[in-house]
Structures are given as structure tokens and as C-alpha cells.
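The values are calculated or read from the model by the stated rules, or taken from the named source; none is laboratory data. Given the structure is predicted, the values throughout are model-derived calculations rather than measurements. Reconstructed Cβ throughout: ideal geometry from the backbone, glycine too, with neighbour counts over all protein chains shown. All accessible areas refer to the heavy atoms of the entire protein, side chains included, with ligands and DNA or RNA removed. Shrake-Rupley method; radii C 1.70, N 1.55, O 1.52, S 1.80 Å.
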Amino acid sequence: MATLLRSKLSNVATSVSHKSQAKMSGMFARMGFQAATDEEAVGFAHCDDLDMEHRQGLQMDILKSEGGEEGAETPLEGDIHYQRDGTGPLPPSASKEACSELSGQGKPKITAWEAGWNVTNAIQGMFVLGLPYAILHGGYLGLFLIIFAAVVCCYTGKILIACLYEENEDGEIVRVRDSYVDIANACCAPRFPTLGGRIVNVAQIIELVMTCILYVVVSGNLMYNSFPNLPVSQKSWSIIATAVLLPCAFLKNLKAVSKFSLLCTLAHFVINILVIAYCLSRARDWAWDKVKFYIDVKKFPISIGIIVFSYTSQIFLPSLEGNMQNPKEFHCMMNWTHIAACILKGLFALVAYLTWADETKEVITDNLPSTIRAVVNIFLVAKALLSYPLPFFAAVEVLERSLFQDGSRAFFPNCYGGDGRLKSWGLTLRCALVVFTLLMAIYVPHFALLMGLTGSLTGAGLCFLLPSLFHLKLLWRKLLWHHVFFDVAIFVIGGICSVSGFIHSLEGLIEAFRTNAED
């Protein structure tokens, strides 16, 4: 009985402490400060359920040890239900959903236009510079694939979000999952509850690291072609670019970088307009007869990967939809962003190819006259260097979370000390990742090959194969026949394109390795 009394007193003290913390947090929130991130609040909410079960078991053990004494008092409401964020005790009927709602209070939401801007940034980035090269090897079929990829990626983005929802006992559609990883784990449960998430994480890491490599490759390529008279090779320019990027290993957040990235995105749109304007000025010389219906069997599969990679955005769509003020506007937002992307990409690729025809290079700005090429390329290099930290930081977060911070399931010791600072060996691993992107850029300095390989391997998987497979697995009982047909068709076509593109891109990379080794 004495033990039970001490436990109660401890609970009361904890409750008072959390209430005082809540008052202080509210005061700081009104002053414009935030005590913890939204991710931490959600983590605390999930931990509360584990704490509640543990403490319930502890109470039962205490009662059993007391031999079930008569007159023993029942636990007070709130003794075993509390919130770490200090929002006060919850009633016994509180559920995990309620905890998540409390933890998400005050979370800033975005409008459909802001969400559309984020999607546009993902699918209208600087990788559209490789699309004219895809038309070179695919002709009109390449243009058709730009349209087809837009339609399919828009559809798979919608069905991926549909996998986040299920129907509850009252017949209401509720959100039961939060991320791509959650969907993958749900599909592999109960036999392999974490297998799907690990597969998605691996694919995500590969795509993010390959994106970093592409930024280094395109920086070296643009600088080399902008100043061909300087005695500096493309590899040397890549090394210089990496030296500038090395401080990324010390990044703690991306607040400052995000501001520069927004300016660079606007600058990139201006550059696209300049390229199109130059092409229109040469409209009289357009080579319409060069656009054919035949394809280059050996190189066209690489073009498929290039086109698919330029549309990849599925990874962050669940988080984006969850942060929208009105999630019902998600479908409309996906429609107009992908329609706009399809029109702009198709026009840009066709106009640029008509201007230079068979002389079209892997990065289209290399075809510009030397008088304006240097200016345009310098802006593009600045955008590439300032865009590098975004995928790099995301890749580091995934690696640290899955390998070093996954509790008892982590493969290695925590890379952060007790004070929250990154350990020296953790910083060394970050620097090693930057150097790895440099080595890949040096040994495979081929923008189109790397882009095609990434699009065929992870782009097709994350945009075509997995969403259709997950949709069939989780919602097959409620799907109409045409949805089943579309999902199966996308899975089959995506699989064929992925395998063929990967094989041909890999052959090109092996040949590039041999050429570099001989040199």
C-alpha cells in the first residue's frame, strides 16, 4: 500500500510539472517561439501510448504484490494517462488519434496553391534541361512519353494518397497512415512489418544521393563548357564545386538554404524563358524534318528514365497532403500542376530540339552561343550548388534515422551525443558522403546516363510500380474494374520500361567506366 501511495504522489507531481510546462510553452508560443518541432510532438504522442501501457502493467504488478488488499483505492483518473508535452491528463478513453490531434494543434497549414508550388518545384526543376536529349533519341514518341508520364504520375500520386485512408466503423474515411513508409509497412504486414519501409527507404536514399551526384556532374559540365579556353578540365571543375559544397556536412537545418533555393527556382524559370526566346528567334531554321517516328533502340530506353525522373514527386506527397488546409483540393492541385508541367516540358523539349536537331547535347544550354552561354550556365551552376543541400540533408536524415537512431533496431551506435551535438565520427561520415558524390561525378560525368539510370531504377519504382501495387494490395476490395485495369497496366508497363531503361543505362555506365579507366 505504501508503494502504491508513493506511485500516486509521483504521478501527481509529474502532472503538476507538465501543467506548468504547458503554461510556459503557451506563453512562449504567444511570443512567437516554438518549444519543439511538430515531429517531436508527434513522437511524444506515440510514446504516450507505450508509457500508458507500461504504467498500467506496473499498477497491476503493485496490486498483485499487495495481495489484493481490501479497501485498496482505484487509480485516479490521470494517474496513468498524461501527455509529455504538458497538455494535461487525458481521459481513459483517449486514443492514439486524439494524441496525434493534440500534438498537431497550432501546426501551420498550407493552401492548395502553396502545395502546387512545392510540386512544381519538384517536377519543373533543372533536370528538364535533359529533355531535348530525350527527343533526340525518341522523336515524336518521346513527346508522347512526356504526356504519358505526366498522366501516369498524376494518377499514381492520387492513388498513393488514397492508400493513406481507410473506412472506420462509422463508415467515415479517416487518415490512418502518414507516409510512404507507413503504406509500404502496411502492405508487408503482418509477416514482414518493416520490410516495405526498408525497401522504400533504400529507394529514397538511392534517389537522393543520385540527385546530389547529378548536381555535381551538371556543375562541372556547365563550367567546363562555359569557359572552354581555361586550362581546367571538367573533373577539376567538379572538384571545385565539391569543395564549395563540403560545408553541407555541418548543416543542422535548411532554413537559410531554403530562402536561396526559392530565389534560384525563380531564376531557373527566367533561364528557361531565355532559352525558349532564343529558340523562337531561330524559328525559321527549325528542322521539322529531323523529328521522326522511329526510335534509337539502344538509347531510347535511357530517354524513358530521363523523362520519368523529371516527374518524380511521390516521396513527399503524403506529407504535403497532410499539411494542406483542405486535403480535398489535393486532386485538383495534382491535375493543374501536372498539366502545366506536361505543356511546359513538351514545348521546351520540342522547341529546343527543333533549334539544334542532331547537334542537341545532354545539357541543352551547352548548345547556346558562347556570348550568352556563360551567363546562363553560371546562374544554373549557382542553382545546382544551392539545391544540393536539400537532397543531401534529406539523405543524411534517412541514413541517420534508419542506421543510427532507430532505437534497439539501429545497426550502429547513436551518432549524436547526450547534448545533441553530432559526434566527430558522425561528421566524418557526412563528409565521406559528400566525397562519394564527387567520386561518382568524376568517374561517370554523363548527365543523361545518370539521370536515365536513376529514373529507371528508383523513379519508375517509386512513381509507377509501388503505388499501383500498394493500391491493389490495400484497397482491392473497393476498387472498380477500371481502377484494377489501370493499376495492373501501369505496373506491367512501368516494370518493362524500368528494366529496359536500367539495363541500357547500366551498359552505358560500364562503357563510361572503361573509357575513363583507359584514359
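Are any of the pairs K235/K345; K298/K473; K109/K252 more than 27 Å apart by Cα-Cα distance, and if so, which? Distance filter (> 27 Å) returns K235/K345; K298/K473.
Rolling a 1.4 Å probe over the heavy atoms of the protein chains gives region 185-319 an accessible area of 53 Å² per residue.
Coupling constants for region 508-515 follow from the phi torsions by the Karplus curve (6.51 cos²θ - 1.76 cosθ + 1.60, θ = phi - 60°), and in residue order they are x, 5, 4, 5, 5, 4, 5, 4 Hz; glycine and proline get x. Evaluate E = 1/(1 + (r/R0)^6) for S233 and C332, where r is the Cβ-Cβ distance and R0 equals 41 Å; express this FRET efficiency to the nearest 0.05. Efficiency for this residue pair is about 0.25. Rg over Rh for region 111-252 works out to 1.08, both radii taken from alpha-carbon positions and Rh defined as the Kirkwood radius. Taking 0.36 nm per residue of sequence separation and removing the Cα-Cα distance, the E397/R284 pair yields an extension gain of 35.6 nm.
Amide H to amide H distances under 5 Å link M324 with I110, where only residues 5 or more positions off or on other chains count and H is placed in the peptide plane. Can you bin region 226-361 into rounded, prolate or oblate? Criterion: square roots of the alpha carbon gyration tensor eigenvalues sorted a ≥ b ≥ c, rounded for a/c under 1.5, prolate for a/b above b/c, oblate for the rest. Cα axes put region 226-361 in the oblate bin.
Between L266 and A432, what length comes free when the chain is fully extended (0.36 nm per residue of separation minus the Cα-Cα distance, one decimal in nm)?
Result for the pair: 56.6 nm of gain on full extension.
When peptides 321-334, 295-308, 194-207 are ranked by their average number of other Cβ atoms within 10 Å per residue, the highest-first order is 295-308, 194-207, 321-334.
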